Amino acid sequence: MASSKRGKVLTIAILAAITVASFVVWLVPQDLGMTIITDDYGGLLDSAISIHGTLQDSLTAQYQNMLAGSVMPAEYAEVAQITSAQVTEQIRILVTASPPQEWAASYEQYIESLRAFNSMIRETAVVAEAISSGGDVSHMEPRIAELRGLSAEHAELSDAARP
């Protein structure tokens, strides 16, 4: 049980650090309706890609641990909720960046990648709920794999559309 608590604390700390870093880097107040002003659209997109990768790796590890029984479904659901909020923030940052026309297609595809990833997170939270209630989750895995693939596909399209 102690290792489960350490894993949860470590995961939450990593996710919190990513969130703090995101806010420190971009300093975008949510309630003021401000947009990001940048001339490094590639750097902004690269930052979102890096954060997405970190979130994806962390969430995948926690999901596998939940399926193996070393992370409780309720703990996973909490991590999934935090991760989803961070993905939503990354989407907001990219949407409000208002990239120039040459970057628009790349940004649109990466936003779709993040949306598919967020949908996958919600599906994994449904799996956690089903595990908690003793339900069968085997039929849910294909949808999760489909969303994971869709996210990767949009990420590749985004990369191909970069100027």
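Between the C-alpha center of the stretch 38-84 and that of the stretch 126-150 there is a gap of 17 Å.
Among 82-89, 100-107, sorting by the average number of other beta carbon atoms lying within 10 angstrom of each residue, highest first, gives 82-89, 100-107.
No lab work stands behind these numbers, since they all come straight from the coordinates. Just so we're clear, the structure is a prediction, and the values are computed from it rather than from any experiment. Cβ sites come from the backbone with ideal geometry, for glycine too, and all protein chains shown count toward neighbours.
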